[in-house]
Structure formats: C-alpha cells, structure tokens
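Notes follow once the structure below has been shown.
The values are calculated or read from the model by the stated rules, or taken from the named source; none is laboratory data. Note that the coordinates shown come from a computational prediction; the quantities given were computed from them, not determined experimentally. Here Cβ is always computed from backbone atoms with ideal geometry, including for glycine, and neighbour counts include all displayed protein chains. Just the protein is used for accessible areas: all its heavy atoms, side chains included, with ligands, DNA and RNA removed. Shrake-Rupley method; radii C 1.70, N 1.55, O 1.52, S 1.80 Å.
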Amino acid sequence: MDTKNRPPISSMRKVAIFDIDGTVFRSSIFVELVEALIREGVFPERARRGYEREYHAWLNRRGDYETYITAMVAIFYRHIKGVYYGDLKEVGKKVIREQEQHLYRFTRDLIRDLKRRRYFLLAVSQSPKAVLDPFCKRLGFDKVYGRIYALGPTGRFTGEVEELHVIANKGAVLRRALEKEGLTLAHSIGVGDTEDDAAFLDLVEEPICFNPNHRLYRIARSRGWRVVVERKDVVYEICSEAKRR
C-alpha cells in the first residue's frame with residue numbers, strides 16, 4: 001500500500017467485512033440461484049443430477065458442505081456458458097425478492113449498528129456479483145466483491161471468471177479495499193463462517209466466527225477468536241480454549 005499520499009488514520013473510515021452466504025443470508029445465494037435457474041428453465045432439469053448425490057450426503061450428515069458446493073459450482077460452470085446475461089439477472093431478481101428477508105438476526109442487527117456508526121461495510125462472497133449487488137446494497141453495504149463472469153460480444157456468458165485469483169483470497173480482497181477506499185484496520189471487524197474467511201479474520205482487530213464450520217471453529221479456538229452461534233431464536237457465544245487459558 002502506498003503510504004505517501006495516504007490520509008491520517010484519524011480521518012480514515014473504519015471497515016467491517018462480512019462473508020454473506022451462511023453468515024448474513026440464512027442459506028446460500030449461489031445455491032438458491034442455481035435451483036432457480038433450473039426451475040425457470042435457464043438450466044436444464046438434468047443439471048440437478050450433477051450435485052444431487054452430494055446434496056443428500058450432506059443433508060444426511062454423510063458428506064460435507066464443501067463437497068456439495070464444489071459439485072454445484074462445476075454444474076454452474078458447465079451450463080452458464082451461452083446463457084444471456086439478462087436471463088441470469090432476471091432470475092437473480094426473483095431470488096432476491098423471495099429471499100431478501102431470510103437473514104440471521106445477529107448479523108442483520110450488527111450491520112445496522114455498524115452502519116449507524118459510519119463503518120465502511122464490505123461484502124465478500126463466492127456468489128455471482130450480479131446477484132449479490134442488489135441484495136447487499138439493500139442491506140447498506142458500501143462495496144461488494146463477488147465472482148464476475150465474463151461476457152462475450154453478444155451478451156452471453158463465456159464460462160470464464162474474471163479475476164478469480166483475487167476473489168479466491170478474501171484477505172487480498174480486504175487489502176485491496178483498504179487501499180482503494182482509504183480505510184483503516186483500526187477497530188476493524190470481520191464476520192465469517194468457514195475456513196476461507198480466516199484470511200480476512202486474521203487481519204481485523206475483532207474477528208467473529210459466526211456459526212462456524214468445524215475447520216474454522218478449530219482455528220478460532222487456537223487463536224482466541226470470538227465464536228457466536230445463532231440457533232432458532234437464541235444467540236450465544238462459545239468461549240475459546242485460548243480465552244480460557
């Protein structure tokens with residue numbers, strides 16, 4: 001980061017970075033989008049067979065979520081090529097209209113509080129940015145990072161992802177935002193739910209592991225990070241091993 005022309009820290013905005021799927025949104029925008037693309041006939045019905053086995057294995061606790069999502073991503077890549085941007089955009093709008101209130105109470109209230117305190121709210125997700133943008137903007141996020149799928153000259157998707165190396169490293173996303181937006185890590189907050197989020201949780205002053213998967217929970221315990229769980233209408237915290245010492 002070029003510090004020569006950087007404003008003094010006292011005048012820089014504080015940042016809060018959030019993962020979205022499973023952290024703010026009580027499902028996955030990507031999962032809901034793929035299912036909707038199949039229902040609307042944009043993707044063929046047979047596409048569901050490409051991840052159905054992994055889905056049921058995860059549902060029955062015989063497989064993990066990451067394997068299920070990886071299978072669904074492969075299906076998305078296979079069928080997005082040749083789809084009109086407008087078709088994905090319209091299906092995405094339907095998904096957001098139907099799902100926009102399906103939020104976790106803890107993160108919903110935290111976002112509102114941080115917005116009131118003038119934090120710069122940064123969203124980062126592996127879901128398509130075209131669908132993330134309207135969802136996150138309604139919640140008050142200032143900047144949204146998601147997967148951007150390349151378009152050909154006729155407005156159809158090519159099947160390629162632009163700058164995948166950037167969005168794949170969420171720590172790099174945060175560093176990029178700090179530089180571009182003139183933000184400070186002083187009093188910074190991060191909220192994530194999987195080990196992929198550890199890259200930015202490790203950078204902020206107040207990392208929050210919200211409904212973490214097992215891998216992130218183990219990292220949180222070893223580093224003394226805050227662990228928050230929301231189950232039904234109860235929000236509670238789990239004390240880490242490092243804190244108990």
Given (1) modelled with pLDDT under 95; (2) open to solvent by less than 20 Å² (accessible area, probe 1.4 Å), where does Val166 come up short, assuming only one miss?
-> (2)
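In the list Asp113, Asp64, Asp87, Asp109, which residue meets the criterion of being closer than 28 Å to Glu162 by Cβ and not aromatic (Phe, Trp, Tyr)? Can you show your working first?
On the way: Asp113 fails: closer than 28 Å to Glu162 by Cβ; Asp64 fails: closer than 28 Å to Glu162 by Cβ; Asp109 fails: closer than 28 Å to Glu162 by Cβ.
Among Asp113, Asp64, Asp87, Asp109, only Asp87 is closer than 28 Å to Glu162 by Cβ and not aromatic (Phe, Trp, Tyr).
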Identify the residue in the range 172-184 that is hydrophobic (A, V, I, L, M, F, W, C) and open to solvent by 10 Å² or more (accessible area, probe 1.4 Å) and, among all such residues, is farthest from Pro212 (Cα to Cα).
-> Leu178
Would the range 142-164 turn up any residue that is over 30 Å from Leu37 (Cα atoms) and in contact with a Phe, Trp or Tyr (Cβ under 9 Å, 6 or more places away or on another chain)?
-> no
Tally the residues that are assigned to a helix (DSSP H, G or I), open to solvent by less than 70 Å² (accessible area, probe 1.4 Å) and more than 15 Å from Val124 (Cα to Cα), restricting the search to the range 185-223.
-> 4
Among the residues of the range 17-51, write down those that are surrounded by fewer than 14 Cβ atoms within 10 Å (Cβ to Cβ) and assigned to a helix (DSSP H, G or I).
-> Arg39, Glu45, Arg46, Arg49
Restricting the search to the range 76-95, which residues are in contact with a Phe, Trp or Tyr (Cβ under 8 Å, 6 or more places away or on another chain), assigned to a helix (DSSP H, G or I) and surrounded by fewer than 19 Cβ atoms within 10 Å (Cβ to Cβ)?
-> Tyr85
For Ala71, indicate whether it is in contact with a Cys (Cβ under 9 Å, 6 or more places away or on another chain), of a type outside the set (S, T, N, Q) and either farther than 26 Å from Val191 by Cα or open to solvent by less than 80 Å² (accessible area, probe 1.4 Å) (or both).
-> no
Residue that is surrounded by the fewest Cβ atoms within 10 Å (Cβ to Cβ) [pool: residues in the range 96-115 that are farther than 15 Å from Phe25 by Cβ and not acidic (Asp, Glu)] = Arg112
How about the range 145-184: which of its residues are among the hydroxyl-bearing types (Ser, Thr, Tyr), in contact (Cβ under 8 Å) with a residue 40 or more places away in the chain and assigned to a loop (DSSP other than H, G, I, E, B)?
-> none
